[in-house]
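Taking it in order: structure first as structure tokens, then the write-up.
The values are calculated or read from the model by the stated rules, or taken from the named source; none is laboratory data. Predicted model only: the values in this text are computed from it and were never measured. Ideal geometry is used to build each Cβ from the backbone, glycine not excepted, and the neighbour counts take in all protein chains shown.
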Amino acid sequence: MMVSKQVSSVCTMAVALLLAPAVFGEEPRQSDARKELKVGDPAPDFSLRGSDGKTYRLADFRGKKIVVIAWFPKAFTSGCTRECKTFRDQADAFQSLPVAFFTASVDTPEDNRRFAESLEVRYPILSDPDRKTALAYGVVDDPKGYAKRWTFIIGTDGRILHIDKAVKVETHARDVAAWITNWLKSSSKPSGS
């Protein structure tokens, strides 16, 4: 008898907590859920500082180059070091392509500058310490989180061509370049071929 009264009290309390927002006129709050980006969506614009001290804006490449932004979680960690080295060592895969490529994280510009110097990379590592761009791209779930290892390929029209959420750090640069090469070949075929 005592156990059933306790269970009943717990159930009543749970129902009350669930109904409280409706009773007090509050709307249930949704966690900062954002619409997940997909292929064909306009890529969120960005203006991010690179490890070379320059600021890079997506809009600057519109109509000129395909943009690759490869997000990684944290500078100076093993997987991120391997991924950034892959872009350094496999940069030749992009030479004949109309591409601007970047890696990016939510680390500070100073941390990414030191990281880039330690790896001797020749491409900019972008910094988004306030996480506004990372949130817009959906690579962080909260304003204090680390970025997911996702790569976005953005067309010259500013729309997302491809999103890679299954990055293989050892071959990533060549994988991205191969995807772009195949896309360029297929998009240049006349209709109906």
Pairs with Cβ under 7 Å, 6+ apart, first in the stretch 139-160 and buried (at least 17 other Cβ atoms within 10 Å of the Cβ), second among the acidic types (D, E): W150/D164; T151/D164; I160/D41
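Filter the stretch 72-113 down to the residues that are assigned to a loop (DSSP other than H, G, I, E, B), of a type in the set (A, V, I, L, M, F, W, C) and under 18 Å from T133 (Cα atoms) and list them by number. Give the steps one after another, and end with the answer.
Within the stretch 72-113, the first condition is being assigned to a loop (DSSP other than H, G, I, E, B), and the residues that meet it are 72-77, 90, 95-98, 106-108.
From what's left, of a type in the set (A, V, I, L, M, F, W, C): 72, 75-76, 97, 106.
F72, A75, V106, listed by residue number.
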Residues (outside any strand (DSSP E or B) and either modelled with pLDDT under 95 or touching a Gly at 6+ places or on another chain (Cβ under 6 Å) (or both)) located in the stretch 47-71: R62
